[in-house]
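Read through the structure below, which is laid out as structure tokens, and then see the notes.
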Amino acid sequence: MNKYFAEFFGTFWLVFGGCGSAVLAAAYPELGIGFAGVALAFGLTVLTMAYAVGHISGGHFNPAVSVGLLVGGRFSAKDLIPYIVSQVLGAIAAGAVLYLVASGKVGFDAAASGFASNGFGEHSPNGYNLTAALLIEVVLTAFFLIIILGSTDERAPKGFAPIAIGLALTLIHLISIPVTNTSVNPARSTGVALFQGGWAVEQLWLFWLAPIVGAIIGALIYKCLIGCTKCAKA
């Protein structure tokens, strides 16, 4: 069970740290972290927990990553559902704690604030439509998987994968926060959408579909075109 607990707590930290920075700090301009600070917060959560528990569970913290690693031949199918359940439960637990903390401020309203939820159309931070949201989530998740598979390849330098993956997630957020508030992680999206309770739940399907499709594409690209050992030796 250790690896499932590791995924639970790793995903909890990702959602609480990343979404918490958005809900508790970035929402207030006088605190000065802005969306760049939120992007860095997400990257730091993955980097720190990858070092903390990555040696136990592999440090997925993301259902799309688990699916991508399965497709890429780095993960066992028997663990897929338990990993996803652990990740989603960790995200929901983080959303609950964040909701309780945020509710300590008079006037806080999770539904009205959006509660760091992902969205498109009128709920996109900068008004991007469904097509734009779908495309960017697929593309960025695909590249995320390529980076994960490449940095954890047995031929890659040892010990640096969490840094590459954390910085990649930071970059992903810098690109796409204005478009969708950045998901690339169905558990992250679910953990806060349930507490927003309205449009975020209605649009949640996209933030399951697009990251998983993107992860599969990225895994196939790496497995078939980049990471092939025979091709690399040739």
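Points to keep in mind about this one:
- At least 30 Å along the helix axis (C-alpha) and Kyte average at least 1.0, DSSP helices within the chain: 34-57, 80-102, 130-151
- For region 101-118 versus region 1-78, the inter-centroid distance based on Cα atoms is 21 Å.
- Cα-centred dipole magnitude for region 91-196, charges only on beta-carbon of K, R (+1) and D, E (-1), debye, nearest 20: 200
- Convex hull volume per residue in cubic angstrom - Cα atoms of region 45-204: 116
- Normalising by residue count, region 77-130 has a Cα convex hull of 93 Å³ per residue.
- Dipole magnitude of the chain, debye to nearest 20 (Cβ charges: Lys/Arg +1, Asp/Glu -1, about Cα centre): 780
- Proximal lysine pairs, the chain, alpha carbons under 30 Å, eight or more residues apart or interchain: 10
- Overall dimensions of region 153-234 as given by Cα atoms, namely Rg and Dmax in Å: 16.3, 54
- Distance (nanometres) between label positions extended 7 Å along Cα→Cβ at residue 155 and residue 209: 3.7
- Residue 220 versus residue 135: modelled label distance in nm, points set 7 Å from Cα along the beta carbon direction: 2.0
- The mean sequence distance of close C-alpha pairs (under 8 Å, at least 6 residues apart), as a share of the length of region 23-113, puts its relative contact order at 17 percent.
- Of the listed residues 105, 3, 78, the order by accessible area with a 1.4 Å probe, largest first, is 78, 105, 3.
- Ranking 6, 108, 96 by how far each Cα lies toward the positive end of the dipole of the chain (charges on Cβ) leaves 6 at the top.
- Considering helices alone, the calculated mean residue ellipticity of the chain at 222 nm is -21500 deg cm²/dmol, with DSSP H runs of length four and up weighted by -39500 (n - 2.57) and normalised per residue.
- Calculated on C-alpha atoms, the gyration radius of region 121-172 divided by its Kirkwood radius gives an Rg/Rh of 1.16.
- With every protein chain in place, the chain: carbon and sulfur % of accessible area (1.4 Å): 71
The values are calculated or read from the model by the stated rules, or taken from the named source; none is laboratory data. As the structure is a prediction and not an experimental result, all values here were calculated from the model. We place every Cβ from the backbone using ideal geometry, glycine too, and count neighbours over all the protein chains shown. Heads up: the accessible areas ignore ligands, DNA and RNA and are worked out on the full protein's heavy atoms, side chains in. Shrake-Rupley method; radii C 1.70, N 1.55, O 1.52, S 1.80 Å.
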